[in-house]
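Novice: Before I ask anything, let me first share the structure, which is written out below as structure tokens.
The values are calculated or read from the model by the stated rules, or taken from the named source; none is laboratory data. Because the structure is predicted, anything quoted here is derived from the model rather than measured. Note that we place each Cβ from the backbone using ideal geometry, even for glycine, and neighbour counts take in every protein chain shown. These accessible areas exclude ligands, DNA and RNA; they are computed on the full protein's heavy atoms, side chains included. Shrake-Rupley method; radii C 1.70, N 1.55, O 1.52, S 1.80 Å.
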Amino acid sequence: MTPPQIRVGACSLALVAVVISYLWVDQPIAFLMHSEVTNKTLFVLLTRIPEPLPNLALIIFFTFGLWALAAKPRSTLYTALLTSSISLIVAEAAKNQLKYDFGRTWPETWINNNPSLISNRTYGFYFFHGGGGYASFPSGHTTAICAVVSVLWIYYPRFRALYALVVAAVAIGLIGADYHFVSDIIAGGLLGTVTGWLAVAIQQQAASKLTSVNPAST
């Protein structure tokens, strides 16, 4: 199988996993975490791993963008960091829109007595509802970390074990703290990963066209 076929297959499996999790996994896991995890401190700390990334992405985007205008850098590190930043910025926008589109309630009550599975057994999607109480799907933290990791996975494959560990830590934190349903996390991972793949594909295509137009620049 070619890499594009593998990616399409992986995305399809992830979508199936979202459906399976929604039907049979999400509620039992949420109830289990609520009843069995009394100290959530470690899990909450794990969820904070991606939180600096959006601000860092903006800093890199504008700094490296200005640098490109002045110096036209061509290093792999420059390309990887800039592409990761663009991937994350796009993924954040897509995640925010999808949260509104799907309007899913949370596992627990966080905001202004929002309806939730734990507080009043509210479970499901309320499409285009809007509001912070209906923004569980997809997981923004998982989207963010996967939007960055999926780019680095391609440019620096020797660190893939570390990337997988970081993503797993964030997912475990979100589940253990009962911040998200399992299907939210799978969907966020899918969104972030696809955004990263597309960002790399666009960057590589642009670089290829630039090289073909101006071979002397290589």
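Novice: Determine whether the stretch 80-94 contains at least one residue that is farther than 17 Å from Leu198 by Cα and either among the basic types (Lys, Arg) or part of a helix (DSSP H, G or I) (or both).
Specialist: No, the stretch 80-94 contains no residue that is farther than 17 Å from Leu198 by Cα and either among the basic types (Lys, Arg) or part of a helix (DSSP H, G or I) (or both).
Novice: Quick check: is even one residue across the stretch 49-68 of a type outside the set (Asp, Glu), at pLDDT below 95, over 22 Å from Gly189 (Cβ atoms) and part of a loop (DSSP other than H, G, I, E, B)?
Specialist: no
Novice: Now for a separate question. Starting from the stretch 160-173, keep only residues that are without any contact (Cβ under 8 Å) to a residue 24 or more places away in the chain and under 10 Å from Ile185 (Cα atoms), then list their pairs with residues that are of a type in the set (S, T, N, Q) and not in a helix (DSSP H, G or I) whose Cβ atoms are within a distance under 9 Å, requiring at least 6 positions of separation or different chains.
Specialist: Between residues of the stretch 160-173 that are without any contact (Cβ under 8 Å) to a residue 24 or more places away in the chain and under 10 Å from Ile185 (Cα atoms) and residues that are of a type in the set (S, T, N, Q) and not in a helix (DSSP H, G or I), there is no close pair.
Novice: Might you check whether a residue that is open to solvent by 10 Å² or more (accessible area, probe 1.4 Å), in contact with a Pro (Cβ under 9 Å, 6 or more places away or on another chain) and modelled with pLDDT of 95 or more occurs anywhere in the stretch 192-215? Spell out the reasoning first.
Specialist: Initially, the stretch 192-215 is screened for residues open to solvent by 10 Å² or more (accessible area, probe 1.4 Å), giving 193-195, 197-199, 201-215.
Restricting the remaining residues to those that are in contact with a Pro (Cβ under 9 Å, 6 or more places away or on another chain) gives none.
No.
Novice: Would a scan of the stretch 129-145 turn up a residue that is within 30 Å of His34 (Cβ to Cβ), open to solvent by 20 Å² or more (accessible area, probe 1.4 Å), over 21 Å from the mean Cα position of the chain (by Cα) and not hydroxyl-bearing (Ser, Thr, Tyr)?
Specialist: yes
Novice: Tally up the residues in the stretch 59-84 that are open to solvent by 80 Å² or more (accessible area, probe 1.4 Å), more than 15 Å from Val151 (Cβ to Cβ) and hydrophobic (A, V, I, L, M, F, W, C), please.
Specialist: 6
Novice: If you check Leu32 against the conditions, is it aliphatic (A, V, I, L, M), surrounded by fewer than 14 Cβ atoms within 10 Å (Cβ to Cβ), touching a Leu at 6+ places or on another chain (Cβ under 8 Å) and in a helix (DSSP H, G or I)?
Specialist: Numbers: aliphatic (A, V, I, L, M): yes; surrounded by fewer than 14 Cβ atoms within 10 Å (Cβ to Cβ): yes; touching a Leu at 6+ places or on another chain (Cβ under 8 Å): no; in a helix (DSSP H, G or I): yes.
For Leu32, the condition - aliphatic (A, V, I, L, M), surrounded by fewer than 14 Cβ atoms within 10 Å (Cβ to Cβ), touching a Leu at 6+ places or on another chain (Cβ under 8 Å) and in a helix (DSSP H, G or I) - is not met.
Novice: Pick out the one residue from Ile89, Ile118, Ile111 that is within 13 Å of the chain's Cα centre (by Cα) and either under 28 Å from Trp24 (Cβ atoms) or surrounded by fewer than 20 Cβ atoms within 10 Å (Cβ to Cβ) (or both).
Specialist: Ile89
Novice: Here's something else I'd like to know. Here are Ala187, Ala177, Ala169: which of them is open to solvent by less than 30 Å² (accessible area, probe 1.4 Å), closer than 19 Å to Cys11 by Cβ and either at pLDDT below 95 or in contact with a Leu (Cβ under 9 Å, 6 or more places away or on another chain) (or both)? Reasoning before the result, please.
Specialist: Working: Ala177 fails: closer than 19 Å to Cys11 by Cβ; Ala169 fails: closer than 19 Å to Cys11 by Cβ.
One residue alone meets the criteria, Ala187.
Novice: Next question, about the same structure. Going by what's in this entry, would Leu162 be described as under 19 Å from Ser84 (Cα atoms), at pLDDT 95 or above, of a type in the set (A, V, I, L, M, F, W, C) and surrounded by fewer than 20 Cβ atoms within 10 Å (Cβ to Cβ)?
Specialist: Spelling it out, Leu162 is indeed under 19 Å from Ser84 (Cα atoms), at pLDDT 95 or above, of a type in the set (A, V, I, L, M, F, W, C) and surrounded by fewer than 20 Cβ atoms within 10 Å (Cβ to Cβ).
Novice: Another question about this same structure. On the basis of being out of contact with any helix residue (DSSP H, G or I) (no Cβ under 8 Å at 6 or more places or on another chain) and open to solvent by 40 Å² or more (accessible area, probe 1.4 Å), does Asn55 make the cut?
Specialist: Answer is yes for this residue.
Novice: Say whether the condition of being more than 25 Å from Val44 (Cα to Cα) and either touching a residue at least 40 places away in the same chain (Cβ under 8 Å) or in contact with a Ser or Thr (Cβ under 9 Å, 6 or more places away or on another chain) (or both) is met by at least one residue in the stretch 109-124.
Specialist: So far as the stretch 109-124 goes, no, none of its residues is more than 25 Å from Val44 (Cα to Cα) and either touching a residue at least 40 places away in the same chain (Cβ under 8 Å) or in contact with a Ser or Thr (Cβ under 9 Å, 6 or more places away or on another chain) (or both).
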